[in-house]
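*Asks:* Dropping a structure here in structure tokens format, bear with me for questions.
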Amino acid sequence: MSLINRLLRKNMSPARIAGFVLSNFIGLAIVVAGLQFFQDVRSIYTDEDSFIRKDFLVVNKKVTSANTVDGRPALFTPGEIAGLESQPWVRKVGRFSTVDYRVSASVEAGGRGMSTSMFFESIPSEFIDVAGSGWEYRPGSLEVPVIMSKDYLTLYNFGFASSAGLPQLSEQFMGGIPLRLRITSDDGMRRGEFAGRVVGFSNRLNTILVPEEFMEWSNREFGSGGSRPGPSRLIVDVSSPGDVAIAPYLEEHGMEAAGDKRASQASFLLNVVTGVILAVGVVITVLSFFILLLSVSILMEKNRDKIHTLLMLGYPLGRVASPYRKMILWSCLGAYVLAVAVVYCFRLSYLHELEGLGGGGEWWLAPTVGLLLTLAVVALNVVAVGRRVRAAWRVSR
Amino acid sequence: MSETNRIGSIRLSGMLPKVFVNEPAGDSQVWKSDVEFRRGEHWLIEAASGAGKSSLCAYIYGTRTDYVGHLMFDSRDAASLSVDEWQSLRRTNIAYLPQELALFPELTALENVRLKACLADGRGDDAILAMMRELGIDSRADYPVGRMSIGQQQRVAIIRTLCQPFDFILLDEPVSHLDETNNRIAASMILREAERQGAGIITTSVGNPLLIDNLRRVRL
């Protein structure tokens, strides 16, 4: 050990440094483990739909017996839409548009044909995440991209096909074969035939979706042109899908949200729990930062005369500060490496089971956040050491 | 102030410690006057206790700034030097032996000198030991300084002060605990090193001055 290190490390308390390393280790381990667990678990809840974001809700009015008896469909009134739009948890509301004509679709599968009446709906394209996957429609084109509900395919495969002796269809197969779509206006005077191309299946949209451009164009071409009733479904962009205010509001106004709300509630809960764990970890890390700051301050205060004398000899400030800075750097890095190693082992213990549930995220964000926290602790302490050396420069006690 | 810059003169212009500002003016030839120390000159600042002798040294070495007036290194006002410039000045321009010696008691005599030599002029242990031999403390080279007598400590500190390049060597009562023989040896070593470097000597005394011939005397 050099002379200057021997002088300046005198009075250093290994117990105090160990106390810091331990507390910094605990804080960092909690932060890194919490964040990593969040990353790993989150994918269980977010791995649901690539077409529509998790924070979009599809809302419809509840169908009551009254609707059935008097034949009036359950539609949203402009007042109800405005009321929804004014809620604080709503960012944007989009309307489902429906067709104003009749559609039948047929498909050839395994040498047998099958035909059915069907319908289309569309939503504003800003609500759909299908960039670059062939969702565009040019008015007049004979090929129409379609997104189908996965439920329909499930119903067909496991309900209808098996009982009717028809072949089951895979998603890939459905994407590969064209649907023949026949459009007939209500008065039967105008007809059109189009090739439907299934670009994907959605878990959360219980409909058959076509691009808005096609909807507008085809309604002009084949529609009866009469005034259209209000929408029966809305798509709502909410700021937080787990917001507790959503469910009571929908309930009170006779609406319901489609899809699995438990996933979003669980995801909300996960966010809250992760937030609490991270906060605890950060608080412990901050406290450990103060332990280090205090330990180094006490040490430098005890060695202040030596620091002053070294500066009197002409030693550069950086050289006098460096034993303390190295000590800070090594103890912080030690705590960090220890924390990451422990979290890594902890993760190995749960990862196997989690992967069975569809979890398992990437292993870099949490260690990076831990490293940034460590570097922040190091940087602040390094600056504090510089200030203390400077304070010892001019006057000795 | 870069490592290669030499200082030709130290000028005190109208300087006075702030604590003296409201006191009646004494007959000092330094305070509130204009004094210039040049390289190659040898000065003795004579003072009674409490006249501000150590304060003057601390001002010139940058450890204190509680004065009025100006302290100039050539054309540069000392008040405008940054901390880093002061540190560079202490390594290459001004060697200072403070009255309180500023040795590390837990280090040996040799280590104390080495601490300065390895920073400032790379003088090896052999050269340091030769200087110790000259002052009769080579047998104490590996003793912790804290266990040495004050006179021995003073000699260690003198050697340490000489182990660096300097334009001025500032010695605050350097021989207060030395007998006349050692005083003369120390004086000749200081003179030799100062002449080798073409440097100026500024020494203070309250009655036991460094025994160098033809010192210019000035009363504080």
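What follows draws every value from the coordinates through simple rules; no lab data is involved. What you see is a predicted model; the values in this text were computed from it and never measured. Glycine gets a Cβ as well: all are built from the backbone with ideal geometry, and neighbour counts include every protein chain shown.
*Asks:* With +1 on the Cβ of every Lys and Arg and -1 on the Cβ of every Asp and Glu, and nothing else charged, how large is the dipole of the stretch B:82-206 about its Cα centre, in debye rounded to the nearest 20?
*Replies:* With only Lys, Arg, Asp and Glu charged at Cβ, the dipole is about 140 debye.
*Asks:* Related question: Determine the dipole magnitude for chain A: charges of +1 sit on the beta-carbon of Lys and Arg, -1 on that of Asp and Glu, nothing else is charged, the reference point is the Cα centre, and the result goes in debye to the nearest 20.
*Replies:* For this selection, approximately 3180 debye.
*Asks:* About the Cα centre, and with charges only on the beta carbon of Lys, Arg (+1) and Asp, Glu (-1), how big is the dipole of chain B? Nearest 20 debye, please.
*Replies:* 120 debye
*Asks:* Report, for the stretch A:97-228, the % of DSSP beta bridges that are antiparallel, rounded to 5.
*Replies:* The antiparallel fraction comes to roughly 75 percent.
*Asks:* Sticking with this structure for a sec: Evaluate the distance, in nm, between pseudo-label points positioned 7 Å from the Cα of A:Ala258 and of A:Val383 along their respective Cα→Cβ axes.
*Replies:* Label-label distance for A:Ala258 and A:Val383, simple model: 5.3 nm.
*Asks:* Say the dipole of chain A comes from +1 at the beta carbon of Lys and Arg and -1 at that of Asp and Glu; which of A:Pro124, A:Pro145, A:Asn303 then lies farthest toward its positive end?
*Replies:* A:Asn303
*Asks:* If you don't mind, there's one more thing I want to ask. Summing Lys, Arg as +1 and Asp, Glu as -1, what charge do residues with Cβ under 12 Å from the Cβ of B:Gln99 carry, B:Gln99 excluded?
*Replies:* Taking every Cβ under 12 Å from that of B:Gln99, the sum is -2.
*Asks:* I need A:Phe290, A:Phe25 ordered by Cβ neighbour count within 10 Å, fewest first.
*Replies:* A:Phe290, A:Phe25
*Asks:* How many nm separate the modelled label positions at B:Arg192 and A:Asn271, each set 7 Å beyond the Cα in the direction of the Cβ?
*Replies:* Inter-label distance under the simple model: 8.2 nm.
*Asks:* Shifting gears a bit: Note the per residue figure in Å³ for the convex hull of the C-alpha positions in the stretch A:117-190.
*Replies:* Measuring per residue, one finds 143 Å³ for the Cα hull of the stretch A:117-190.
*Asks:* Which whole-number percentage describes the relative contact order of chain A, with Cα contacts under 8 Å and a sequence gap of 6 or more?
*Replies:* 31 percent
*Asks:* Another one. Choose one of B:Gly198, A:Pro73, A:Leu3: the residue whose Cα lies farthest towards the positive end of the charge dipole of the protein assembly as shown (beta-carbon charges +1 Lys, Arg; -1 Asp, Glu; about the Cα centre).
*Replies:* Sorting the options by dipole projection puts first B:Gly198.
*Asks:* Could you tell me the convex hull volume per residue, in Å³, taken over the Cα atoms of the stretch A:97-228?
*Replies:* Hull volume normalised by residue count: 115 Å³.
*Asks:* Okay, next question. Calculated from DSSP H runs of 4 or more alone, at -39500 (n - 2.57) each and per residue, what is the 222 nm mean residue ellipticity of the protein assembly as shown, nearest 500?
*Replies:* Computed ellipticity for the protein assembly as shown at 222 nm equals -14500 deg cm²/dmol.
*Asks:* Pull up the DSSP beta bridges for the protein assembly as shown and report the antiparallel fraction as a percent, rounded to 5.
*Replies:* 65 percent
*Asks:* If you take the Cα atoms of the stretch B:75-220, find Rg, then find the Kirkwood Rh from the mean of 1/r over all pairs, what is Rg/Rh?
*Replies:* 0.96
*Asks:* Near the amide H of B:Val68, under 5 Å away, which other amide H atoms are found, from residues 5 or more places off or on another chain, if H is placed in the peptide plane?
*Replies:* B:Leu16, B:Lys18
*Asks:* Another question about this same structure. If each residue's Cβ is checked for other Cβ atoms within 10 Å, how do B:Asp27, A:Asp40 rank with the fewest at the top?
*Replies:* B:Asp27, A:Asp40
*Asks:* Here's a follow-up. When Lys and Arg each count +1 and Asp and Glu each count -1, what net charge do the other residues less than 11 Å away from B:Ile7, Cβ to Cβ, add up to?
*Replies:* Residues near B:Ile7 contribute +3 overall.
*Asks:* Quick check on the stretch A:173-228: take the gyration tensor over C-alpha atoms, sort the square-rooted eigenvalues as a ≥ b ≥ c, and tell me if it's rounded (a/c under 1.5), prolate or oblate.
*Replies:* oblate
*Asks:* Between the DSSP loop rule and a limit of at most 14 other Cβ atoms within 10 Å, which chymotrypsin sites (Phe, Trp or Tyr not before Pro) in the stretch A:342-397 are left?
*Replies:* Those satisfying the criteria are A:Trp364.
*Asks:* Whole-Hz Karplus ³J(HN,Hα) for the stretch A:171-181, in order, using 6.51 cos²θ - 1.76 cosθ + 1.60 and θ = phi - 60°, x for Gly and Pro?
*Replies:* Running phi through 6.51 cos²θ - 1.76 cosθ + 1.60 with θ = phi - 60° gives 4, 4, 5, 4, x, x, 9, x, 8, 8, 10 Hz.
*Asks:* Can you compute 3J(HN,Hα) from phi for each residue in the stretch B:8-24, using the Karplus curve 6.51 cos²θ - 1.76 cosθ + 1.60 with θ = phi - 60°, rounded to whole Hz and x for Gly and Pro?
*Replies:* x, 8, 10, 10, 9, 10, x, 6, 7, x, 4, 5, 8, 4, 9, 9, x
*Asks:* List, in order, the whole-Hz ³J(HN,Hα) value for each residue of the stretch A:291-300 obtained from phi through the Karplus relation with A = 6.51, B = -1.76, C = 1.60 and θ = phi - 60°; use x for Gly and Pro.
*Replies:* 4, 5, 4, 5, 4, 5, 4, 4, 4, 6
*Asks:* Residues in the stretch B:85-115, backbone N under 17 Å from the label point at A:Arg6 (7 Å along the Cα-to-beta-carbon vector): list them, ranges by number please.
*Replies:* Those under the cut-off are B:103-115.
*Asks:* Find which of A:Leu270, B:Val175, B:Pro144 sits farthest along the positive direction of the dipole of the protein assembly as shown, computed with +1 on the beta-carbon of Lys and Arg, -1 on that of Asp and Glu, about the Cα centre.
*Replies:* Looking along the dipole axis, the top candidate is B:Val175.
*Asks:* Another question about this same structure. Quick one: which residues, 5+ away or cross-chain, put their amide H under 5 Å from the amide H of B:His42? H built at 1.01 Å from N.
*Replies:* B:Ile201, B:Arg216
*Asks:* Same structure again: Just the ratio, please: alpha-carbon radius of gyration of the protein assembly as shown over 2.2 N^0.38 Å, N its number of residues.
*Replies:* The value comes to 1.72.
*Asks:* When only DSSP loop residues count, what trypsin sites (Lys or Arg not before Pro) in the stretch B:20-90 have their Cβ near at most 14 other Cβ atoms within 10 Å?
*Replies:* none
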